[in-house]
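For reference, the structure discussed in these notes is given below.
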Amino acid sequence: VEIKAIFEKDAPPTPTEYTVTVTTEGGGTASASPAKAAAGTEITLTATPNTGYHFKEWQVISGNVTIKDDKFLMPDSNVEVKAIFEEDAPPAPTEHTVTVTSSGNGTASASPSKAVAGAEITLSATPDKGYHLKEWQVESPTGLVITNNKFTMPDSNVEVKAIFEKDAPAPT
């Protein structure tokens with residue numbers, strides 16, 4: 001009796017796939033590609049900030065990986081990473097200028113001469129001898145109201161003019 005054993009090569013075992021979980025605390029969205037992979041596979045992370053935010057960094061929650069240029073090699077365990085977004089700094093408010101001119105026969109100024117919208121501006125006028133301040137004339141913007149030599153800065157540059165008038169002669 002002759003017996004012959006025939007052996008077949010087993011198919012290689014399917015490599016175990018591990019999961020990449022990506023989370024955020026808001027401020028944007030993030031993902032991993034691929035989201036499931038065998039150990040040694042390169043994983044690419046993508047973070048997309050919402051308007052008003054910017055991507056700050058990746059935080060490794062579990063899986064002992066080092067992320068470089070939004071990539072890492074899959075270890076033989078599940079991985080969890082978190083995308084950290086930061087709110088953008090608000091733009092600095094725009095300062096506008098106050099230009100004060102004079103009709104002559106005196107000097108005039110504003111304090112402060114540069115300010116953001118909503119600031120209180122105080123106007124000062126110094127008439128020459130024999131003259132007095134008749135009025136403040138608003139050159140721009142139209143509709144600006146000056147009360148007791150003060151106004152609230154609008155969201156634009158301001159031009160005002162001091163109008164001086166000759167004092168009335170004293171009665172004799």
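The values are calculated or read from the model by the stated rules, or taken from the named source; none is laboratory data. Just so it is clear, the structure is predicted and the values come from calculations on it, not from any experiment. Every residue, glycine among them, receives a Cβ derived from its backbone with ideal geometry; neighbour counts consider all protein chains shown. Protein only, heavy atoms only, side chains kept; ligands, DNA and RNA dropped before computing areas. Shrake-Rupley method; radii C 1.70, N 1.55, O 1.52, S 1.80 Å.
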Looking at this structure, is A108 at pLDDT 95 or above, small (G, A, S) and over 33 Å from the mean Cα position of the chain (by Cα)? yes
Would it be correct to say that V81 is under 30 Å from A39 (Cβ atoms), aliphatic (A, V, I, L, M), part of a strand (DSSP E or B) and out of contact with any Gly (no Cβ under 9 Å at 6 or more places or on another chain)? no
Can you pull out every residue in the stretch 144-172 that is open to solvent by less than 70 Å² (accessible area, probe 1.4 Å) and either within 34 Å of the chain's Cα centre (by Cα) or among the small types (G, A, S) (or both)? L144, I146, F151, M153, P154, S156, V158, V160, A162
G130 being in contact with an Asp or Glu (Cβ under 7 Å, 6 or more places away or on another chain) and surrounded by 13 or more Cβ atoms within 10 Å (Cβ to Cβ): no
Between K134, K129, K68, which is over 30 Å from D167 (Cα atoms) and out of contact with any Cys (no Cβ under 7 Å at 6 or more places or on another chain)? K68
Could you tell me which numbered condition V98 fails, if it satisfies all but one of (1) touching a residue at least 40 places away in the same chain (Cβ under 8 Å); (2) within 30 Å of G26 (Cβ to Cβ); (3) assigned to a strand (DSSP E or B)? (2)
